[in-house]
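To start, the structure under review is shown below, and the notes come after it.
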Amino acid sequence: MIVLYHPKSTKPRSRRFPLAVLSLATVLEGREEYVIVDGNVDPTPDATLEALMHTHAVELLAVSVMPGPQMVAAVETCRKIRASFPRVPIVWGGYFPSIYTDAALNAAYVDFAVRGQGEDTFLELLGALKGARGLESVRGLSFKDRSGQHHHNPERAMKSPDAFPWYPYHRLDAGKYILPTFLGRRTAVHQASVGCPFRCNFCGVISAYGSREKMESPSRTEAILGHLKSAYGVDAMQFYDNNFFLREDHARELADRIAPLQMSWWCEARIDIVLGFSDATLGAIRRSGCTMIFFGAESGSDWVLKEMNKQLRAEQTVELARRIRQFGITPEFSFVVGNPRDPDRDTHECLQFIRKIKRINPEAEIIVQHYVPVPQREHMYGGVDNQVQFPTTPDEWATKQWLNFTVRKDPAMPWLRPRLKRRIDNFELVVASRWPTVQDIRLPAWGRRLLKALSAWRYRLAFYSFPFELQWAQRLIDLRKPKLESL
């Protein structure tokens, strides 16, 4: 038996289909006996895994690992399994082993690391474990030999999602994943492409996949969404693509195909690509159910965007904010603040730019993040290659300091002084209070009114310091929010 393990990564109300392990299940279905254990659903995943190890001849434990809380959960579980069942090989796949490959292999409880797209690599690894081929022949695989030396095989060419079967949704209790969101009462997730063809030098996607992207055909996306609607009553969709739109003809065909499904949906996209679409295509995208699009604006300064290798100009973000409003699509703009070479200038210009965006399109949603470096195939944004020493083991990554670094909770960056960091955080709180996100469906109407009233004068006067009343209001609202965990 093959065990596919998805460690806990989120709260019950936020769980979604575990696409990472479902993608492996697609190639195992009908070939191998396997089981999926999802820590976001199973309250005692360690006990479940141990029971499986005792009752079945487990050939391989495959663990999907994202940096952050999921990696912490993976460390704890894999350490226990290795101590109790030392002969069961363990392979990690996903973003963490793709980006921090050597760190993953430095753990005594990790035998193999799958880098990038994993379906074919996983199948070939199974073949190697059964003696059908050598480990050295498996592209996309990293492993340790008996002396502990790390071997990194060449990368594997990416394939389109069309090359693989559909996810075996029947292997899961779908009702535990199809939950209410701002998009609809029964929201599911889907990924219609893999990778991204751009070269932004702060992004983990490039580190994991290189500058490559493979798209699913619109006909297949239409068929899968139709199945989810008819079989499970899905009425809304979150697309987990890193870059949902590449070509206008593909976008228009997809919009026309899914419009009859009457689903509301959300996706991520490039500003310049969507800005280049015709009015007819943007209208078709809105009619197909598109409610919100996440855009990585990243900065309001061209000098920062150039250093990020973003291949974008600030004026394009302004134009998109203005133009997309007429189509009734909410733009969600993300900003990465804190350029290491000149964080004060970057912060000042970025906060002013966000205020400009809100004047042009008040409905625009704003996400503000501190710059947290990710290892790159070439050089990291901001020239910080020699300023950050990343952990060399998962156990060190799992410490409070590095977990906070990963999730951008109080990251201690040498170039971002505490005073400047507080200004960024306070600005974010004021903006989020002045325009509470539509995505928080648990936020009561009275809470929205309270936050807007308390923050209005601050935003008008650009006074962000000491927002104690907003912090108090947030705590009060959180205490009184209705619970959705049981839905």
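Bear in mind that the values in this text are calculations on the coordinates, not laboratory data. Predicted model, so just to flag it, every value in this text is computed and none were measured. Note: ideal-geometry Cβ built from the backbone for every residue, glycine included; neighbour counts use all protein chains shown.
Taking the Cα centre of region 260-312 as origin and charging only Cβ (+1 Lys, Arg; -1 Asp, Glu), how large is the dipole, in debye to the nearest 20?
So the magnitude is around 200 debye.
With a cap of 16 neighbouring Cβ atoms within 10 Å, and only residues DSSP puts in a loop, list the trypsin sites (Lys or Arg not before Pro) found in region 346-447.
Those satisfying the criteria are Arg377, Arg408, Lys409, Arg442.
Taking amide H positions as placed 1.01 Å from N in the peptide plane, with prolines and chain starts having none, which residues 5 or more places from Cys290, or on another chain, fall under 5 Å of its amide H?
Trp265
Strictly over 26 Å apart at the Cα level, which of Lys8/Lys159; Lys176/Lys229; Lys130/Lys176; Lys214/Lys358; Lys306/Lys358; Lys358/Lys421 would you flag in this model?
Lys8/Lys159; Lys130/Lys176; Lys214/Lys358, as the Cα separations exceed 26 Å there.
How big is Rg to Rh over region 173-306, alpha-carbon atoms, Rh as the Kirkwood inverse-mean-distance radius?
Answer for region 173-306: 0.99.
What FRET efficiency, computed as 1/(1 + (r/R0)^6) with R0 = 60 Å and r the Cβ-Cβ distance, is obtained for Glu315 and Leu123, rounded to the nearest 0.05?
Efficiency, rounded to the nearest 0.05: 0.80.
Quick one: Karplus J couplings for region 273-286, per residue in order, coefficients 6.51, -1.76, 1.60, θ = phi - 60°, nearest Hz, x for Gly and Pro?
Each residue of region 273-286 in turn: 5, 5, 4, x, 6, 6, 4, 5, 5, 4, x, 5, 4, 5 Hz.
Please report Rg over Rh for the chain, where both radii come from the alpha carbon positions and Rh follows the Kirkwood definition.
0.96
Residue farthest toward the positive end of the dipole of region 63-181, with Cβ of Lys/Arg at +1 and Asp/Glu at -1: which of Pro67, Ala157, Val88?
Looking along the dipole axis, the top candidate is Val88.
Enumerate the amide H contacts of Ala297 below 5 Å, restricted to partners 5 or more residues apart or on another chain; note that Pro and chain-start residues carry no placed amide H.
The list, which skips near neighbours in sequence, is Ser334.
Taking the Cα centre of the chain as the origin, how large is its charge dipole in debye, to the nearest 20, when only Lys and Arg (+1) and Asp and Glu (-1) carry charge on their Cβ atoms?
Here the size comes out at about 1700 debye.
Whole angstrom only: what separates the Cα centroid of region 289-308 from the Cα centroid of region 10-77?
34 Å
Applying the Karplus parametrisation 6.51 cos²θ - 1.76 cosθ + 1.60 with θ = phi - 60° to the phi angles of region 355-364, what ³J(HN,Hα) value in whole Hz is obtained for each residue in order, glycine and proline being reported as x?
The phi angles translate into 4, 5, 4, 5, 5, 6, 9, x, 7, 4 Hz.
Report the extension gain between Thr392 and Arg345 in nm, rounded to one decimal, defined as 0.36 nm multiplied by the number of residues separating them, less their alpha carbon distance.
13.6 nm
Based only on Cα atoms, what Rg/Rh ratio does region 56-103 have, Rh being taken as Kirkwood's radius?
0.98
For a protection proxy built on the mean count of beta-carbon atoms within 10 angstrom, sort 239-252, 102-115 highest first, please.
102-115, 239-252
Could you give the length gained by full extension between Lys176 and Lys306, i.e. 0.36 nm per residue of separation minus their alpha carbon distance, to one decimal place?
Length difference between fully extended and current span is 42.5 nm.
Would you kindly calculate the translational diffusion coefficient of region 2-152, applying Stokes-Einstein with the Kirkwood radius from alpha carbon pairs, for 25 °C and a viscosity of 0.890 mPa s, and quote it in µm² s⁻¹ without decimals?
Estimated via Stokes-Einstein, D reaches 160 µm²/s.
Once the Cβ-Cβ distance between Glu469 and Ala57 is put in as r, and R0 is 45 Å, what FRET efficiency do you end up with, to the nearest 0.05?
The computed FRET efficiency comes out at 0.15.
Non-local amide H neighbours of Val368 (under 5 Å, H modeled in plane, Pro and chain starts lacking H): which ones?
Amide H to amide H, under 5 Å and 5 or more residues apart or across chains, Val368 pairs with Phe335.
What is the distance, in nm, between label points placed 7 Å from the Cα along the Cα-to-Cβ direction at Gln326 and at Ala456?
Result: 3.1 nm between the two label points.
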